Amino acid sequence: MSGRHDVVIVGGGHNGLTTAAYLARAGRMVLVLEKKSFVGGAAVTEEFFPGFYASSIADESNTLSPKVVTDLNLKQFGFHVLPVDPLVFAPGKDGRHLTIWHDVRRTGREISRYSRADARSYPEFIRKMGKMGKIVSALNHMILPDLPDAGFKDLPEAFKLLKPLHSLRWKNVTQVMRNVPMPVADIISEWFEAENVKAAIAASALNHISLGPQESGTGYTFLQNFAHSNNGLFRAGGHVKGGAGAVTAALADATRKAGAQIQTNANVSQIIVKNGRATGIVLADGKTIFANQVVSAVDMRTTYLELVKSGIMEKTVSTHVHNITFGGTMARVHYALDGLPEFNGMSGHSQAVLKGHIQLAPSLNYLQKAFDPTKYGQFPEQPYIDIRIPTLNDPSLAPEGRHVLSATVKYIPFHQQAGDWETMRDALGELATRTISEWAPGFNQCVQHSHIITPLDMEADYHLPEGSLTHGDITLDQSLWMRPLPGYTRYQSSLKGLYHCSAATHPGAGITGINGMNAARRILRG
């Protein structure tokens, strides 16, 4: 494993693979080093019970950038998205439910059962927010300038904003600027009056962050959802056949096809720095690999506090790294089911309404109360649970006639006020099962097995610091020009030859591949 390469990439998650594929296609000699025995990072599909497979951390929703899919010809390598409708099924404990479809008019008719005014507002809401989302999407695909050092070299990137800005019209741009720092609860309440309608739309803005709907800045993550959804709505639809692991499998095949090498079971213990320049890496077994450039696809804390020797970084960079807040507040529980649960309000309805996202969140206040205890290191009594039953779209993930139910449980703080995760694991599983049973009576009778992934497991087994899928919370002080660190937005580091492409970089969350694509563009630009 000794030798020299043009580029060595530390970490084989989806962003690391995306960067590798783009660089290899441009003729660079690339080596990807992955610590585990398989690539994927947080985007993996794993067997959690004999014959039952789940997307362990990131779910199987289609958020991958269409540009990445096209540029890397991922469909050629097995990437396939199954259409899913409805988008959201939001049951109520009182037996009523709200179903949100991809068809805006059909959703309007559904909403009219609760509020005619809301039904009238919904199409215009989707139209306006969708246009704002295009501006955010354009920002996501930009290599942002490092402020305050922006110059003429940054103009080509800035031009990407012109089309979405023109579409929105300049007079409405101020509305985007107003919405970004607002609480998503306030944005939604300006458009809608029915509590279940508000919650059904707002809940998805909270899935990758540690904030409640009444917290400032959640308007930004809400607009990010429109930017990533690939359907013009506030949540990604579509189901990637084979689960999240199929995304990284396709990326790995595209990477190898482009000429890059992928080495698993390769634990990087050090990034070599000589005279202020990264020149290679050292593996845990002592082997050295030299490279002209090193790209870190892991989080900033691991990169600078573990892989780069102390004393090499500038003090201000070290301070910024220590100050990153991660805010991991979610857990995952995967269930192997003997049969499908019947949620309140399903009587007389086809099980097909369960194909999309199932959101257990009846009101904005419910969502906020689920968040509030995390400020004190406590579990909520009634968590917000976001559910997928992937086997309704892809039966190959379970034995015939059986099902997988995957639950994202929020808010579950990484740092517990009392107890430890060894003793709290069972309590977490019981909380999830009990909560689901309140909406789906008899659910526990369907459960053959459950697999609990705590925030600590996410850190230990999937290398997500403090259980943060985003390698640093998506808050306004850690977004856009402040991501991953102030002064280093352009995927470079303070050390020459060292670059970043992980979820810690702009634009942050989601299995989009945009971080990896932007990083590759920056490296090729020189």
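Note on segment 183-260: Cα Rg divided by 2.2 N^0.38 Å, N the number of residues, gives 1.46.
Where nothing but the Cβ of Lys and Arg (+1) and of Asp and Glu (-1) is charged, how large is the charge dipole of the chain around its Cα centre, in debye to the nearest 20? Don't jump to the answer; show the numbers that get you there.
On the way: 51 positive and 45 negative charges, 448 e Å.
The calculated dipole for the chain is roughly 2160 debye.
Counting only residues at least eight positions apart within a chain, or on another chain, the aspartates and glutamates with an alpha carbon under 19 Å from that of residue 257 are 6, 34, 71.
All other residues whose Cβ lies under 11 angstrom from that of residue 209 are scored, Lys and Arg at +1 and Asp and Glu at -1, for a net of -1.
Put simply, the amide H of residue 330, placed in the peptide plane, has neighbours under 5 Å in 412, leaving out anything fewer than 5 places away on its chain.
Ignoring everything except DSSP H segments at least 4 long, calculate the 222 nm mean residue ellipticity for the chain; use -39,500 (n - 2.57) per segment, divide by total residues, nearest 500.
Working: 17 runs with 170 residues, N = 526.
Value at 222 nm, helices only, nearest 500: -9500 deg cm²/dmol.
Between the residues 92, 115, 44, the greatest Cα displacement towards the positive end of the dipole of segment 4-140, with unit charges on the Cβ of Lys, Arg, Asp and Glu, is found for 115.
Zone of residue 437 (label point 7 Å along Cα→Cβ, backbone N under 16 Å): which residues in segment 368-407? In segment 368-407, the label zone of residue 437 (backbone N under 16 Å from the point 7 Å along Cα→Cβ) covers 382-383.
If you take every residue apart from residue 417 with its C-beta less than 14 Å away from the C-beta of residue 417, what net charge results, scoring Lys and Arg +1 and Asp and Glu -1? Present the calculation step by step, with values, prior to reporting the outcome.
Numbers: positive: 375; negative: 372, 420.
So the environment of residue 417 carries a net charge of -1.
Measuring nothing but how far apart in sequence close Cα pairs (under 8 Å, 6+ apart) lie, relative to its length, segment 1-127 scores a relative contact order of 13 percent.
Annotation: amide H of residue 32 within the under-5 Å range of 9, 261, 262, 263, sequence separation 5 or more or interchain, hydrogens built in the peptide plane.
To the nearest 20 Debye, how big is the dipole of segment 327-423 about its Cα centre, given +1 on the beta carbon of each Lys and Arg and -1 on that of each Asp and Glu? Could the numbers behind the result be given before it?
Values: 7 positive and 9 negative charges, 55 e Å.
That gives segment 327-423 a dipole magnitude of about 260 debye.
Which of 356, 238, 214 sits closest to the plus end of the dipole of the chain, meaning its Cα is farthest towards the positive end, when Lys and Arg get +1 and Asp and Glu get -1 on the C-beta? Selected residue: 238.
Run the dipole for segment 1-59 about the Cα centre, Lys and Arg Cβ at +1, Asp and Glu Cβ at -1, nothing else charged, and hand back the magnitude in debye, nearest 20. Before the final figure, lay out each step's value.
Working: 5 positive and 5 negative charges, 71 e Å.
That gives segment 1-59 a dipole magnitude of about 340 debye.
Take each peptide in 41-48, 375-382, 122-129, count the other Cβ atoms within 10 Å of every residue, and average; sorted highest first, the result is 41-48, 122-129, 375-382. For the pair segment 243-281 / segment 420-475, the C-alpha centres are spaced 29 Å from each other.
Which entries of 93/198; 134/198; 36/309; 93/410; 35/134 show an alpha-carbon separation above 27 angstrom in the structure shown? Please report the intermediate quantities before stating the final value.
Details: 93/198 16 Å; 134/198 22 Å; 36/309 23 Å; 93/410 18 Å; 35/134 36 Å.
Distance filter (> 27 Å) returns 35/134.
Label zone (residue 275, point 7 Å along Cα-to-C-beta; backbone nitrogen cut-off 18 Å) within segment 488-506: 495-498.
Here, each number is a calculation from the coordinates, and none is a lab measurement. If you're wondering where the values come from, they're calculated on a predicted model, not measured in any experiment. Here the Cβ is made from the backbone with ideal geometry for all residues, glycine too, and neighbour counts use every protein chain on show.
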